[in-house]
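What follows is calculated from the coordinates using simple rules that are stated; it is not laboratory data. This one's a predicted model, so the numbers in the text were calculated from it and none came from an experiment. Don't worry about glycine lacking a Cβ; one is built from the backbone with ideal geometry, like all the others, and counts go over all protein chains shown.
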Amino acid sequence: THFWNYFKTFWNFFRLETSFADKKDFLDLTLKIKEMEEQEIAKYGDLSVKDFLDQYTDSQFVHCMMAISSDSYAVVPYNRVAARDFLEIYQRVIKSKGVGYPKYGCGAIPEAFQKIIKKKSGVILKEEPVDRVLIEDGKTIGVRLAKSGKEILSDIVVANVNLKHFVGRLVDKQYFSSDLISKIEKLKHSFTSVVTHVAFKQPVIEEKFVMKSATLTPNEIAERRLDGEFPTEIGCFMPIVSNISPAMAPKGKQLAFAGIGTTHEYYETHEEQFKELILDNLQELAKKKYDIREEIEWMDVITPKDLKNLFGEQGAIVGLAQTIGQVRSNRIESDLPVEGLFHCGDDSGKDLFGVGTELASLSGQNCAEMILRTRK
Ligand SMILES: Cc1cc2nc3c(=O)[nH]c(=O)nc-3n(C[C@H](O)[C@H](O)[C@H](O)COP(=O)(O)OP(=O)(O)OC[C@H]3O[C@@H](n4cnc5c(N)ncnc54)[C@H](O)[C@@H]3O)c2cc1C
């Protein structure tokens, strides 16, 4: 229940080994953000999360606690994340008393969309990459499939692939103004991550979702990494998915997910340390009597390289980085400058805000409404 989660969260918070002044600063700021009016939040459009925090406190504890929330949402360091977007999301999380996780796991989202498409007599092709959008006389006429070369004709094409890859590789740049091309080419992706699923022979962790905060600031982490160290006092994102949705593991077993943001280069030279750090973090959550390494039934590690191969975008977790200059009115419009050609997903949709799947679906809905309006 919310009450029990709140109670446990506050209990753990007050037991943290940091000064009362730090804890008070954090709670005061959280309450302040909760009460902020939309117009006040809108003033922070050109400020980073770090700059925003600097106006209120120099407490390292508060900076680290806010930085892990900001990192988990934007997957880039908090000194680059747009404060306005972070504040709105943080406020929503506080007001809705937590974050959500899809029943039956993340795969349930595309499965639900598939059901709707099939119900509406749509056809879904899997493992069939498109290698070209077909355009004739400035109008979209369909797509060509990469493997068979088959052409599928349609006067509307909606893409949700990596926007930077799309423009240039799947559709010729000649249809776009040089300003738009240059804007798209300059867009920066969020960081990548190492992601693990750990299946336990029995439930060893009681928590549902833990975002472990770093105790070092992002600058300190970067400096120590540059010095060749592997700092372990860094954040970790740990939904214990079968505690949230029991169907995620067979009865009597447990499935945990854990991820740590990184860059490709740093991961490649510290692969084993990352794996051990994730297990150490899960061990910290486990009931004292368990040695979690003894309880593992299987474990998979999805590396930044795997994410890049699976989703493109350099393995970016949330597509384009939610940084100053890349959000809201600076986002690329879904309606592209070729008749009948649209782009939606976390990379596009002007004036939208949010993160990840939520932002991608919002962009999809927005794009659908746009198409329906032009078809009336
Ligand atoms: C490890 C991980 C953890 C995440 N955690 C969260 C989270 O906790 N909360 C959250 O909200 N978001 C999370 N996200 C982000 C979220 O998954 C994305 O923001 C979201 O899926 C973006 O949706 P999209 O439709 O824009 O693009 P995608 O979901 O990336 O879809 C693009 C699709 O295009 C396909 N494709 C690529 N090239 C071609 C081609 N040539 N032809 C045809 N198809 C092609 C790809 O295979 C892919 O299926 C996470 C992402 C990752 C990788």
* Asked: Got a sec? Which residues in region 313-342 would a label at residue 362 touch, if it sits 7 Å along Cα→Cβ and we count backbone N under 19 Å?
  -> 317-335
* Structure fact -> Inter-part gap, Cα centre of region 54-68 to Cα centre of region 212-226, in whole angstrom, is 13
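Summing +1 for each Lys or Arg and -1 for each Asp or Glu, what net charge is found among the other residues whose Cβ lies under 13 Å from the Cβ of residue 327? It would help to have the intermediate numbers written out before the result.
Details: positive: 80, 84, 188, 328, 331, 350; negative: 46, 85, 88, 346, 347, 351.
Once positives and negatives cancel, what remains is 0.
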* To do: May I ask which of 50/95; 150/308; 201/289 have a Cα-Cα span longer than 19 Å here?
  => 50/95; 150/308
* State the extension gain, in nm to one decimal, for the chain segment bounded by residue 40 and residue 146, taking 0.36 nm per residue of separation less the distance between their alpha-carbons. => 33.2 nm
* Output the relative contact order of region 2-95, whole-number percent, from Cα pairs under 8 angstrom with separation of 6+ residues. => 33
* For the chain, which cysteines have no disulfide-compatible partner, meaning no other cysteine Cβ under 4.7 Å? -> 64, 106, 236
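Only sites in a loop by DSSP and with at most 13 other Cβ atoms within 10 Å count here; which trypsin sites (Lys or Arg not before Pro) in region 64-165 make the cut? Present the calculation step by step, with values, prior to reporting the outcome.
Values: sites: 80, 84, 92, 95, 97, 103, 115, 118, 119, 120, 126, 132, 139, 144, 147, 150, 164; in loops: 80, 97, 103, 120, 126, 147, 150.
Here the trypsin sites (Lys or Arg not before Pro) that fit, given the DSSP loop and packing criteria, are 97, 103, 120, 126, 147, 150.
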* Measure out, as a whole number of angstrom, how far apart the alpha-carbon centroids of region 295-358 and region 17-34 sit. => 32
* To do: Could you grab the relative contact order for region 200-308? Cα pairs under 8 Å, six or more apart, rounded to a whole percent.
  => 33
* To do: Return the Cα extents of region 192-313 along principal axes one, two and three, sorted largest first, each rounded to a whole Å.
  => 44, 33, 22
* **Cα-based reach from residue 173 at 21 Å (exclusive), listing lysines while leaving out same-chain residues under 8 positions away** => 139, 164, 183, 186, 188, 350
* **Along each principal axis, Cα extent of region 2-95, largest first, Å** => 36, 27, 23
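Fewest to most neighbouring Cβ within 10 Å: what's the order for 240, 181? Numbers along the way, then the final one.
Values: 240 25, 181 15.
Fewest-to-most ranking of 240, 181: 181, 240.
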* Asked: Within the chain, which DSSP H helices have Cα atoms that stretch 15 Å or more along the helix axis and a mean Kyte-Doolittle hydropathy of at least -1.0?
  -> 2-15, 20-35, 60-74, 83-95, 108-119, 271-285, 356-375
* Asked: Leaving out same-chain residues fewer than 8 places away, which aspartates and glutamates sit with a Cα under 16 Å from that of residue 147?
  -> 127, 128, 131
* Among 288, 208, 34: highest mean-square fluctuation, GNM of the chain, C-alpha pairs under 10 Å -> 288
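Mean shadow of the chain, computed from the convex hull of its alpha carbons, in nm²? Could the numbers behind the result be given before it?
Values: hull surface 86.5 nm².
That works out to 21.6 nm².
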* Structure fact -> Non-local residues with an amide H under 5 Å from the amide H of residue 339, with H modelled 1.01 Å from N and Pro and chain starts lacking one, are 140
* If the convex hull is drawn through the Cα atoms of region 225-376, its volume per residue in Å³ -> 172
* Would you mind calculating the gained length between residue 165 and residue 60 on full extension (0.36 nm times residue separation, minus the Cα-Cα distance), in nm to one decimal? => 33.9 nm
